[in-house]
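The values are calculated or read from the model by the stated rules, or taken from the named source; none is laboratory data. Because the structure is a prediction, the values reported are computed rather than measured. Positions of Cβ are generated from backbone atoms using ideal geometry, with glycine treated the same way; all protein chains shown enter the neighbour counts.
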Amino acid sequence: MNFTFYTPIKKLIRVFLASCLGLLLLIHPFGQTAQASKSLMSGDFAKDTVFVAKNLKATIALPDDSEDRDASESEALELITGYISRYRNRPKFNGTTSFTTMQTALNAMAGHYKTFKNRPLPEKLKERLNKELSRAEKIVVKEV
């Protein structure tokens, strides 16, 4: 006798819980706002090139045993990604000498940071990067 009474209630509870879960799964994603990352690039190619070059030179200049090195390297990778993704597919900029020079330096720096995460930049690479970043800064000022 108890069995016949509890069976419909169990089914009703299961249907109710399944409906609530279904509604929750449908409504939940729509209640959140999308968080787009804020770009550090202004859209002005010359200013962005100088900004990225100066910040990366400051990262390169940090001592190897600096406590801020990890944070600076991750910020550098964000800058590199933002710069390349903003200007790589724009024919007006990607054919310029300044962009090509910057891209060479950025690829070398990002490649080292991604491949050798726990190792500091070698001195030869630091010299090369400083030279290329300075050259890109000078060229972009002349191009504008």
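For this structure, a couple of remarks:
- Here the condition is being part of a loop (DSSP other than H, G, I, E, B) and of a type outside the set (G, A, S); of N130, N118, N107, it holds for N118 alone.
- For the stretch 117-135, residues that are exposed (fewer than 12 other Cβ atoms within 10 Å of the Cβ) and modelled with pLDDT of 90 or more total 3.
- Filter result for A76 (of a type in the set (G, A, S) and at pLDDT below 85): no
- Checking K138 against (1) more than 14 Å from T59 (Cα to Cα); (2) surrounded by 16 or more Cβ atoms within 10 Å (Cβ to Cβ), the condition it does not meet: (2)
- Qualifying residues in the stretch 41-50 (those that are touching a helix residue (DSSP H, G or I) at 6+ places or on another chain (Cβ under 8 Å) and at pLDDT 90 or above) - the one surrounded by the fewest Cβ atoms within 10 Å (Cβ to Cβ): A46
- One residue alone among L79, L121 is in contact with a Phe, Trp or Tyr (Cβ under 9 Å, 6 or more places away or on another chain), farther than 25 Å from G43 by Cα and not basic (K, R), and that residue is L121.
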